[in-house]
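A short reminder: the numbers here are calculations on the coordinates, not readings from a lab. What you are looking at is a predicted structure, and each value in this text was computed from that prediction instead of being measured. Note that each Cβ is placed from the backbone with ideal geometry, even for glycine, and that neighbours are counted across all protein chains shown.
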Amino acid sequence: MANEKQVTYWNEVAGPKWIKVGDTLEPRFAAITDLLLTKAALQAGEAILDVGCGTGPTSIRAARQLAANGSVTGIDISETMLNVARQNTAGQNNLEFLLADAETYRFHPASYNALISRFGNMFFGNPVAAFSNLRTSLTLGGRICFICWAPLSDNPHWHIPFEIVTAALGPAAPRPPHAPGPMAFADPTYVHGIMADAGFTNIAITPHHVPIIGNDIETESQIACSLGPASALLDEKQANPATRMRLREEISSAFTQFDQADGLKLPATIFVITATNG
Ligand SMILES: C[S@@+](CC[C@H](N)C(=O)[O-])C[C@H]1O[C@@H](n2cnc3c(N)ncnc32)[C@H](O)[C@@H]1O
C-alpha cells in the first residue's frame, strides 16, 4: 500500500485525537471552511469529491450547498474517522463515504465536477502520482480547490507552542523537506510544481490570513498539545504527563496576548489552491 504509515497514523494516532477534540474544531475553522466553499463555487447538481474528508465536516457543508440533485463523496484512509462521518450523516442521501487511498484508488474517469479538501491533501507519499490520479476523476474542465497551511512562522497558533516545546525538550529530528505532514505544502513553488506535473492548468496559490476563532485559552492550549507540530514533538520526545502539563500552562500564558475584548482569535495563514483539469 502506498501510504501504509499514514493509514496506521490516521487510524490509530491522529484519528482518535481529532475525534476527541471533535466538536471544538468546527467553530475555530469557521473562517477557513467558509473560504474553501466560497472559492470552490459549488453549483447545485454538481458531483463533488472531498479528499481526506476525515469526520466529514466539509462534506456535510458541501452536500447542503449542492441541494438534493448534487452529491458529495468523501474519501479517506481512516476508518476511525469515517465511522464518525457515517454516524453524523446517517439518512442523508446525497452524501457517501469511501474508505480508500486517494493516491491509488481507481476512480471512475470523469465522475466529479470538482474536488475539494480542507487540510486533507498534504499526506501523500507521492504527491504528483496522487494529484495525477485525482485529476482522472475530474470531468474535462473540472476544478480542484483545496486548503493547506502556509509556513509555520506565519501560523502563530502552532508556531508559539512549537517554540515552547522545542525550547524545553530540544529540536525535532531532521525530516526530509516536504515530508508528508501538515506543513508539507507550505512552499508555494513546490506545490505549483506538483500541480503542473500532475497535469493541472490555471493553477493559483493565494495566501489568506484567517483568524482561528479560539474556544478559550485552556481549550486552545490543549488542542495545541493534541494536534499539529507541537503535539508531534511532544510525542517524539515521549514527554511525560507532568512535562506536558507544565508546557501546556506555558502555552496558555503565551496565548493570552490573543484574548481580546471580541474573543480569542489566533492568527493563522493558509493557502487556497485552485486549478482546472484541461
Ligand atoms: C488534517 S485531517 C483533515 C480532515 C478533514 N478534511 C477536516 O478538515 O476536518 C487529514 C485527513 O486526510 C486523510 N488522509 C491522509 N492521507 C490520505 C490519503 N492518501 N487518501 C485519503 N485520505 C487521506 C486523513 O486520514 C485525515 O482524515
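Over region 93-145, what portion of Cα pair distances is larger than 14 Å, expressed as a whole percent?
It works out to 56 percent of all Cα pairs.
Which residue fluctuates the most in the chain, going by a Gaussian network model with Cα springs under 10 Å, if the choices are Asp235, Asp76, Asp50?
Among Asp235, Asp76, Asp50, the largest GNM mean-square fluctuation belongs to Asp235.
With 10 Å bins from zero, work out the P(r) of region 7-126 over every alpha carbon pair and list the percent per bin.
For region 7-126, the binned pair fractions read 14, 47, 34, 5 percent.
Per 0.36 nm of contour for each residue apart, how much would the distance between Ala2 and Leu98 grow if the chain were fully extended, relative to their Cα-Cα spacing? Walk me through the intermediate numbers first.
Numbers: separation 96, 0.36 × 96 = 34.56 nm, distance 1.69 nm.
Result for the pair: 32.9 nm of gain on full extension.
Hey, any idea what the orientation-averaged projected area of the convex hull of the chain's Cα atoms comes to, in nm²?
Details: hull surface 56.0 nm².
Dividing the Cα hull surface by four gives the mean projection, 14.0 nm².
Hey, rough spin-label estimate for Thr136 and Arg175, points 7 angstrom out along Cα→Cβ, what's it come to in nanometres?
Each label point lies 7 Å from its Cα, and together they span 2.9 nm.
Obtain the nm distance between the two label points defined at Arg246 and Glu218 by a simple spin-label model: each point lies 7 Å from its Cα along the Cα-to-C-beta direction.
That separation, rounded to one decimal, is 2.2 nm.
Mind pulling the angle between the C-alpha long axis of helix 156-169 and the longest principal axis of the chain? Nearest 10 degrees, somewhere in 0 to 90.
On a 0 to 90 degree scale, this one is about 50.
For the chain, what does -39500 (n - 2.57) per DSSP helix run (n ≥ 4), summed and divided by total residues, give at 222 nm, in deg cm²/dmol to the nearest 500?
-12500 deg cm²/dmol
Can you give the FRET efficiency to the nearest 0.05 for Arg106 and Thr206, using r as the Cβ-Cβ distance and R₀ = 22 Å? Walk me through the numbers on the way to the answer.
On the way: r = 32 Å, r/R0 = 1.45.
After rounding, the FRET efficiency stands at 0.10.
So for region 224-270, what percent of the C-alpha to C-alpha distances run longer than 15 Å? Don't skip to the answer; put the middle values down first.
Details: 574 of 1081 pairs.
The proportion of pairs with Cα distances above 15 Å equals 53 percent.
By how many nm would the segment from Asp197 to Arg64 grow when fully extended, if each residue of separation counts as 0.36 nm and the alpha-carbon distance is taken off?
Numbers: separation 133, 0.36 × 133 = 47.88 nm, distance 3.33 nm.
Here the segment from Asp197 to Arg64 would lengthen by 44.5 nm.
Loop-only trypsin sites (Lys or Arg not before Pro) in region 103-212, please: DSSP not H, G, I, E or B, and at most 15 other Cβ atoms within 10 Å.
Working: sites: Arg106, Arg118, Arg135, Arg143; in loops: Arg106.
Answer in residue order: Arg106.
Average the reciprocal distances over every distinct pair of alpha-carbons in region 57-103, invert the result, and give the Kirkwood radius in Å. Don't jump to the answer; show the numbers that get you there.
Numbers: mean 1/r = 0.0921 Å⁻¹.
Hydrodynamic radius (Kirkwood, Cα only) of region 57-103 equals 10.9 Å.
Show me the three semi-axes of the equivalent ellipsoid for region 160-278, from the C-alpha gyration tensor (sqrt of 5 times each eigenvalue), largest first, rounded to whole Å. Write out the running numbers ahead of the final one.
Details: eigenvalues 204, 82, 17 Å².
Three semi-axes, in Å: 32, 20, 9.
Who wins for biggest fluctuation among Ala63, Ala186, Ala172 in a Gaussian network model of the chain, springs between alpha carbons below 10 Å?
Ala172
Compute the relative contact order of region 64-139 as a whole-number percentage, counting only Cα pairs closer than 8 Å that sit 6 or more residues apart in sequence. Walk me through the intermediate numbers first.
Numbers: 80 pairs, mean separation 24.1, N = 76.
It comes to 32 percent, rounded to a whole number.
For the peptides 95-102, 24-31, what is the packing order when you average, over each peptide's residues, the other Cβ atoms within 10 Å and list the highest mean first?
Values: 95-102: 19.4, 24-31: 16.4.
Ranking the peptides 95-102, 24-31 by packing returns 95-102, 24-31.
For region 105-230, take every pair of Cα atoms, bin their distances at 5 Å starting from 0, and report each bin as a whole percent.
2, 9, 17, 21, 16, 13, 10, 7, 4, 1, 0
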